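See structure below.
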Amino acid sequence: QVDFEDVIAEPVGTYSFDGVWKTSYTTFTVSKYWCYRLLSAILGIPLAVIWGFLFALISFCHIWAVVPCIKSYLIEIQCSSRIYSLCIHTFCDPLFEALSKICGHIRVALRKEV
């Protein structure tokens, strides 16, 4: 939505003749209206076909390529993730548990020397 005042605005204190302003407003509005109608009549259908084809292509690729690849990857990585999780729980959990017991008994005392 583009209005005449958004495109052509006179600063405060500077005004043209009323006839010029009204004629400019009418010319702008009518030319915008007819130019849009003319362009949509000429280019509307070809652009609709192009955009329809593009979105159909994107949908096709998403349905037949992207989603199956992601699902396949998730199925294949599931075995590796279980092995990785087993290794982490076997080696890292005891290490961090021991470190937490060691560090859990550390006490810090702050003294202010005068």
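The values are calculated or read from the model by the stated rules, or taken from the named source; none is laboratory data. Here the structure is a predicted model, which means the values were calculated and not measured. Glycine gets a Cβ as well: all are built from the backbone with ideal geometry, and neighbour counts include every protein chain shown. Heavy atoms of the whole protein, side chains included, go into the accessibility calculation; ligands, DNA and RNA do not. Shrake-Rupley method; radii C 1.70, N 1.55, O 1.52, S 1.80 Å.
When the criteria are applied in full, D18 fails the requirement of being modelled with pLDDT under 90, surrounded by 10 or more Cβ atoms within 10 Å (Cβ to Cβ) and of a type in the set (D, E).
When residues in the range 49-76 are screened for being open to solvent by 60 Å² or more (accessible area, probe 1.4 Å) and either among the aliphatic types (A, V, I, L, M) or touching a Lys or Arg at 6+ places or on another chain (Cβ under 6 Å) (or both), 10 of them pass.
Every residue, every condition in (1) part of a helix (DSSP H, G or I); (2) under 30 Å from D3 (Cβ atoms); (3) at pLDDT below 95, yes or no:
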| position | (1), (2), (3) |
| --- | --- |
| F28 | yes, yes, yes |
| V49 | yes, no, no |
| C61 | yes, no, no |
| S72 | yes, no, yes |
| I75 | yes, no, yes |
| Q78 | yes, no, yes |
| S85 | yes, no, yes |
| D93 | yes, no, yes |
| A98 | yes, no, yes |
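Which one of these is among the acidic types (D, E) and either at pLDDT 85 or above or open to solvent by less than 70 Å² (accessible area, probe 1.4 Å) (or both): E10, E5?
E10
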